[in-house]
Amino acid sequence: MSTRSFLRFSLNGSLQEVSGSEASMMLADWLRTRLYLTGTKIVCAEGDCGACTVLRAFPGLGRARDLRFEPINACITMLAQIDGSHLVTVDALSQDKVLAPVQEAMVQAKGSQCGYCTPGFVMALCGLFESCSTKPDEQTVKNHLTGNLCRCTGYTPIVAAAMSLDPKALPPLAERFVTRALAKALKESLAQPIAITTDQGKIFAPVKIADVSTLLKKYPKAMILASGTDLGVQINKGKRALGDVISLHLIPELYESGQKGAVYQFGAKVNLEEVRRRCDKGIPEFSSLLNVFASPQIKHSATLVGNIANASPIGDTLPFLLVVDGRVAVAKKEIPLTELFQGYRKMALKSGEWIRAVSFRAPQKTEVLRLYKAATRKDLDISTVSAAFLFDFKKSRKDNRPVIQSARVAFGGVAAIPLRIKRLEDWLKDKVLDASVVEAAHKILQEEIEPLSDLRGSAAYRRILVQGFFQQYCDEIMQSQELSHVHS
């Protein structure tokens, strides 16, 4: 199979090919400095403010779903990640000097003052109307704008602009920007592996799972690239150079997701928005966490496997995965998450090994799952402490109080790794959940954690959060009717 030394994608309905060192650029930089498409702004360069929002549609390597444009952050997206995609920027929305409906609505509602954030809001709203066939309510609009910041207009007129639009009057962007010729050209290139040499390192994109390990053996320091939402920030802020990269975007199997009984499985390229949708009914508590995990732009790029592989002690999804039998697929084996993290950002992976999928189970009917997160702000922020509790209950034959058959307790941000509190879990087994048990459990908790002080909070503050989350969970159980169906 021939290897190509260029990236190929569609931009505003035109085919683009990029090779050499430009392939290592961030999308927003390339748009502004190479094509002079300056409608896409760069402000934070961290994926926080949304001024750089563009829309991307990826054909999906055989995934059975309609082509739909979704918002992403161009400032932290490498061009290599855009290969095979259709892109639309704010510069192309108007036609014959006539504003697009979303742009006109922003004008009529006076949704712009300085205008610097406006292109990002316009693209985010276009992404919203790509995903809904009926008129969204006000809260839905606000949810879709959590990744866009405005410091002068205020959000009321921007939300009003969105509420004035009729989704049925907005044709899908694919009708205008995706042609058969473009789709054919991109489909052909998606079957070819990539090898590009840049001034910062080599960029590879294999088309087979086995080829990833082969490349890792030849380039052991290469970075596996699923979405790069963290990598993009580090590069932009000068924290690291790019180096050699192995992108996973051309491997069809890594986009697979599914559910077999109570077990969910997601490949390494399944983004968090897809995970959120799939878990919405079966594990609504996890879906709710993902609602505030990050902005729509981040969730359309970031992956669950990437959150695991980053191995951060404050990864938002990790406490949840630790209590629901999370397992990662590595080579021909599976590793429980309880055995994966070996130290600060260190995992139990041998040279040449990488995570290709993750699986976990839904809670049983007698189990109660709760997930908590404390951060400086509600949406789109790094955790100070995160927590997951999964208790299996039965009712006491004596007085119908809840008896803990088994307990799973996990925290992030209280040690060098995301932590299961095994000593507490063992101690809670067969205990009747009451105030005296909760008080005794607090003492064990404090003995088992080793929080540090940093910019997000002191060690003492983290200890208070840990105690507060456990107290909140127990109070909710003791005061709710959630266990009405549980038998003694």
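The values are calculated or read from the model by the stated rules, or taken from the named source; none is laboratory data. A quick note: this is a predicted structure, and the numbers were derived from the prediction, not measured. When we count neighbours, we look across all protein chains shown, and the Cβ atoms used for this are built from the backbone with ideal geometry, even at glycine. We work out accessible area using only protein heavy atoms, side chains counted, and drop any ligands, DNA or RNA first. Shrake-Rupley method; radii C 1.70, N 1.55, O 1.52, S 1.80 Å.
Results, tabulated for the structure shown:
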{"read-out": "Where N is the number of residues in segment 290-415, Cα Rg divided by 2.2 N^0.38 Å", "value": "1.18"}
{"read-out": "Förster radius 25 Å - calculated FRET efficiency between LEU452 and THR376 (Cβ-Cβ, nearest 0.05)", "value": "0.90"}
{"read-out": "Dipole of the chain [Lys/Arg +1, Asp/Glu -1 at C-beta], most positive-end residue of ILE76, ALA205, VAL292", "value": "ALA205"}
{"read-out": "Among PRO171, GLY232, TYR219 - extreme Cα towards positive end, dipole of segment 153-232, charges at beta-carbon", "value": "TYR219"}
{"read-out": "Violating pairs (Cα-Cα greater than 21 angstrom) within the set LYS281/LYS431; LYS346/LYS443; LYS221/LYS350", "value": "LYS281/LYS431; LYS346/LYS443"}
{"read-out": "Segment 217-283: radius of gyration and largest Cα-Cα distance (Dmax), Å", "value": "15.3, 45"}
{"read-out": "Cα→Cβ-extended label distance, 7 Å offset, between LYS365 and GLU175, nm", "value": "4.7"}
{"read-out": "Over the chain: Rg over Rh, Cα atoms, Kirkwood Rh", "value": "0.99"}
{"read-out": "Net dipole in debye of the chain [+1 Lys, Arg Cβ; -1 Asp, Glu Cβ; about Cα centre; nearest 20]", "value": "760"}
{"read-out": "Compactness relative to 2.2 N^0.38 Å, alpha carbon Rg of segment 162-274", "value": "1.39"}
{"read-out": "With every protein chain in place, the chain: carbon and sulfur % of accessible area (1.4 Å)", "value": "50"}
{"read-out": "Simple spin-label estimate for CYS44 and GLU188 in nanometres, 7 Å along Cα-Cβ", "value": "4.1"}
{"read-out": "Globularity index of segment 202-348, i.e. its alpha-carbon radius of gyration over 2.2 N^0.38 Å", "value": "1.04"}
{"read-out": "Calculated FRET efficiency for the pair LYS346/THR197, C-beta based, R₀ 35 Å, to 0.05", "value": "0.70"}
{"read-out": "Dipole magnitude (debye, nearest 20) for segment 201-309, charges at Cβ of Lys, Arg, Asp, Glu", "value": "300"}
{"read-out": "Segment 409-473 - Rg and Dmax from Cα coordinates, angstrom", "value": "12.0, 40"}
{"read-out": "Alpha-carbon gyration tensor eigenvalues x 5, square-rooted, for segment 93-152, Å", "value": "18, 16, 10"}
{"read-out": "Value in Å of the Kirkwood radius, where segment 354-488 supplies the Cα pairs that are averaged", "value": "15.9"}
